[in-house]
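Here the structure is laid out as structure tokens; the discussion comes afterwards.
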Amino acid sequence: MTQPQSSRQPTSSNEVSKMTKHRPNDTRYPFPAVAAGLILGAGVAGTLFLLGAPPPLIVLIALGTAVLFASSIKYADQWEKAVVMRLGRYNGLRGPGYFGIIPILDRVAYTIDQRIRTTAFGAESCLTRDTVPVNVDAIAFWIVRDAERAALEVQDYDEAVILSAQTQLRDAIGKHDLAELIQSRVELGHGLKVALETKMANWGIQVQSVEIRDVIIPAALEDAMSRQAQAERERQARIILGTAETEIAHKFVEAADAYRDHPAAMNLRAMNMLYESIVKRGSLMVVPSGLADSLNVPSLLGLAASKALIPANGSPEKSAETTVST
């Protein structure tokens, strides 16, 4: 579902000039044509003067000759094609460069630019398939391949390209979800290109590519999506932590089963834990008497003395770093 399209009005002088750039234009008189017309008019005037014609007639004929000759020479730039009409009928394309026409009978109706052009367009407040209002900005790259069709088949192909692109963009927005618009811009642009090419094939216009520049959503919806993403990441973090705790618990159960059938292994593990605590931390540790008896503390103290924690000729009570009480 899409919103009705509002009428588009030019808002600046630049936009007005773009709209009128390729409308009828028969006033491009190059300086060489004007100079040639003046020279020819002067020659005609001199000839008539030598023939003894009246001065008013000489001036009139000379000016008329100069204007007609200057009007018969036209030119088109390297990237342009001039559409020549003769008595209202299409007479062919001219250019690039200088070319001649028959004054009064012929006129240059259009000069068509055949370079690649860019057209920016957009769709405002359109609803996606999941009823989310969005503003989408896009740009189309296109070129006039057939100047004859572009001049004869459509009145203003610049405006036609813009309106067609806007219509196709609105239609594409209504067929996609918001996530698809954000994640699949390239695919959406390609679909618009194909649709525009199909529509403009009879206009002599070829669409090079269509690119989606930006997809703008309401600020409130953007905040809600941000909170949703944060909540989703928090949920994933808790799931990962719970999975790790479950795996650790299973490993502890397996270790308990192994120690239950091997008491000696349990004692070795306890001794290792006590040794690591004393060596790495160097803190006071109180060991229950029952555990001390099972761990054979004198042997453990001898091991600690070998690590220079207890002096070799001293007693455990004189150690400055670690004290083991039973």
For segment 200-276, just the Cα set please: Rg and Dmax, both in angstrom. 30.1, 92
In vacuum, with every alpha carbon of segment 29-96 counted as one equal point scatterer, what does the Debye formula give for log10 I(q)/I(0) at q = 0.17 Å⁻¹? Two decimals, please. -0.69
Got a sec to turn the phi values of segment 148-162 into Karplus ³J(HN,Hα) couplings, 6.51 cos²θ - 1.76 cosθ + 1.60 with θ = phi - 60°, whole Hz, x for Gly and Pro? 5, 5, 4, 7, 9, 8, 9, 6, 9, 6, 4, 5, 5, 5, 4
One finds, for A255 and Q228 with R0 = 45 angstrom and r their Cβ-Cβ distance, a FRET efficiency to the nearest 0.05 of 0.65
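Can you tell me the alpha carbon radius of gyration of segment 50-128 divided by the globular rule-of-thumb value 2.2 N^0.38 Å?
Working: Rg = 21.5 Å, N = 79, 2.2 N^0.38 = 11.6 Å.
This ratio for segment 50-128 stands at 1.85.
Just need the relative contact order of segment 117-217 here, percent rounded to a whole number, with Cα pairs under 8 Å and 6+ apart. Could the numbers behind the result be given before it?
On the way: 172 pairs, mean separation 41.3, N = 101.
Once normalised by length, the contact order is 41 percent.
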Top positive-direction residue, dipole computed over segment 123-267 with Cβ charges, set I212, G242, P263: P263
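Can you tell me the mean projection area, over all orientations, of the convex hull of segment 111-156's alpha carbons? Units nm², please.
Details: hull surface 18.3 nm².
In nm², the orientation-averaged hull projection of segment 111-156 is 4.6.
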Can you give the charge dipole size of segment 21-110 about its Cα centre, rounded to the nearest 20 debye, using +1 on the beta carbon of Lys and Arg and -1 on the beta carbon of Asp and Glu? 360
A chain fully extended from Q206 to L268 at 0.36 nm per residue, minus the present Cα-Cα distance, gains in nm 14.1 nm
Obtain the radius of gyration and the Kirkwood radius of segment 177-244 from its C-alpha atoms and give Rg over Rh. 1.28
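Cut-off is 10 Å between beta-carbons; in what order do K74, K193 appear when sorted fewest neighbours first? Walk me through the numbers on the way to the answer.
Working: K74 23, K193 20.
Going from sparsest to densest Cβ surroundings: K193, K74.
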As an exercise, use a Förster radius of 45 Å and the Cβ-Cβ distance of R235 and Y90 to find the FRET efficiency, rounded to the nearest 0.05. 0.05
Just to confirm my numbers, what's the Cα centroid distance between segment 37-80 and segment 131-152 in Å? 46
Fewest-first ranking of I112, I239, using other Cβ atoms within 10 Å as the exposure measure: I239, I112
Which ordering of E187, E197 is given by a fewest-first count of other beta-carbon atoms within 10 Å? E187, E197
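Work out the FRET efficiency for Y98 and T47 from their Cβ-Cβ distance, taking R0 = 45 Å, and round it to the nearest 0.05. Intermediate values should be presented prior to the final figure.
Working: r = 26 Å, r/R0 = 0.58.
Taking R0 as 45 Å, the efficiency between Y98 and T47 is 0.95.
Send over the per residue convex hull volume for segment 113-224, Cα only, as a whole number of Å³.
Numbers: hull volume 9.6 nm³, N = 112.
Considering the Cα atoms of segment 113-224, their hull volume per residue is 86 Å³.
FYI, it's all coordinate maths here, none of it is from the lab. Treat the numbers as computed from the prediction; the structure is a model and nothing was measured. Reconstructed Cβ throughout: ideal geometry from the backbone, glycine too, with neighbour counts over all protein chains shown.
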